[in-house]
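A short worksheet on the structure shown next.
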């Protein structure tokens, strides 16, 4: 029974850390770039798009396809950074807890 009590205590601590992590991610913003910084995309830690910045030199009809590709690449870069930040925060939140192999949080 003592082991079960310890497990419940750890679960409550982890739940608290998870809530803190989610609040931190909501207030975190990351920036992805493409085209040597000519296109920048800013996402929240939850993956919501906040801003797109495009260098004016790309605003020509001839560069439309290039611009579209750069926006996609900048978004992908920002998304990778969000995922890395989330993984780092998750590792902090679950520190000390022995989770079964393959279990990914948050669900």
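The values are calculated or read from the model by the stated rules, or taken from the named source; none is laboratory data. These numbers come from a predicted model, not from an experiment. Heads up, the Cβs are rebuilt from the backbone with ideal geometry, glycines too, and the neighbour counts pull from every protein chain shown.
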For this session: Please go through the range 33-49 and pick out each residue that is surrounded by fewer than 16 Cβ atoms within 10 Å (Cβ to Cβ) and in a strand (DSSP E or B).
Result: 49
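Would you mind stating whether residue 60 is surrounded by 10 or more Cβ atoms within 10 Å (Cβ to Cβ), at pLDDT 75 or above and in contact with a helix residue (DSSP H, G or I) (Cβ under 7 Å, 6 or more places away or on another chain)?
Taking the combined requirement at face value, the residue does not satisfy it.
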Exercise. If you go through the range 20-32 one residue at a time, do you hit one that is over 25 Å from residue 93 (Cβ atoms) and surrounded by 14 or more Cβ atoms within 10 Å (Cβ to Cβ)?
Worked result: no
For this session: Give the residues of the range 50-78 that are over 30 Å from residue 25 (Cα atoms) and assigned to a loop (DSSP other than H, G, I, E, B), sorted by residue number.
Result: 59, 60
